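> Below you will find the structure I want to go over with you.
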Amino acid sequence: KNEVEQSPQNLTAQEGEFITINCSYSVGISALHWLQQHPGGGIVSLFMLSSGKKKHGRLIATINIQEKHSSLHITASHPRDSAVYICAVRSPWETSGSRLTFGEGTQLTVNP
Amino acid sequence: GAGVSQSPSNKVTEKGKDVELRCDPISGHTALYWYRQSLGQGLEFLIYFQGNSAPDKSGLPSDRFSAERTGGSVSTLTIQRTQQEDSAVYLCASSYRDRGYEQYFGPGTRLTVT
């Protein structure tokens, strides 16, 4: 079992739909990242959070530390949101390094 | 300002040859990470540098892999005697510090071993 599990693996939506991508992890963490990878391969960090909720434009990320679960929501989805969304957890500060452990990613396709 | 840059963007090499991949982090970023993304697989951690501390090499898959960071800035990832399973996209990321700061990713180097 992977330390970081994402669901779903693939998601197809119609433009305007509300989208939720889930991430569960089994290890202690200091922070959780949501990353976006476009078809060209470039990776952009969307959020880094260690508690509560963050919002940026149409994107919302939440984390529940007790349940070891995070969600990424996209409101009013658009075809340009089509990408792979990756959940990554950062090892606790007291351990050596700040390595990220990644989920397998969720391929999102938003159709016009 | 300039982001993380990597070179070359693409590299095709023959099995058994050595390759060097370069990463230029964002100026002032003290933490630098190398990751690998194999075809159809997720990202995996390779190595991490923070300032003058000893690097965390725990993710390097074999002793054919090594990395250096000179002057606390540019980093080079070297793969000796490349194998076909080394084919992947190698990504570099940097952050201002190692704790509490976001990582900024470079565009990656796509390595193909024939």
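Every number in this text was worked out from the coordinates using simple rules, so none of it is lab data. Since the structure is predicted, the reported quantities are computational estimates derived from the model, not experimental observations. Cβ sites come from the backbone with ideal geometry, for glycine too, and all protein chains shown count toward neighbours.
> So, restricting to strands (runs of 3 or more DSSP E) that lie completely within the stretch A:1-96, which ones have at least 2 residues that are touching a residue at least 40 places away in the same chain (Cβ under 8 Å), farther than 30 Å from B:Gln6 by Cβ and touching an Asp or Glu at 6+ places or on another chain (Cβ under 8 Å)?
The qualifying strands (runs of 3 or more DSSP E) are A:19-25.
> Let me spell it out: the conditions are (1) closer than 27 Å to B:Gln50 by Cα; (2) out of contact with any Leu (no Cβ under 7 Å at 6 or more places or on another chain); (3) buried (at least 19 other Cβ atoms within 10 Å of the Cβ), and A:Gly42 meets all of them except one. Which number is the exception?
The failed condition is (3).
> Take B:Arg81 and decide whether it is of a type outside the set (Ser, Thr, Tyr) and assigned to a strand (DSSP E or B).
no
> If you don't mind, there's one more thing I want to ask. Suppose we filter B:Gly40, B:Gly71 for residues that are more than 11 Å from every other protein chain (Cβ to nearest Cβ) and exposed (fewer than 13 other Cβ atoms within 10 Å of the Cβ); which single one remains?
On inspection, the qualifying residue turns out to be B:Gly71.
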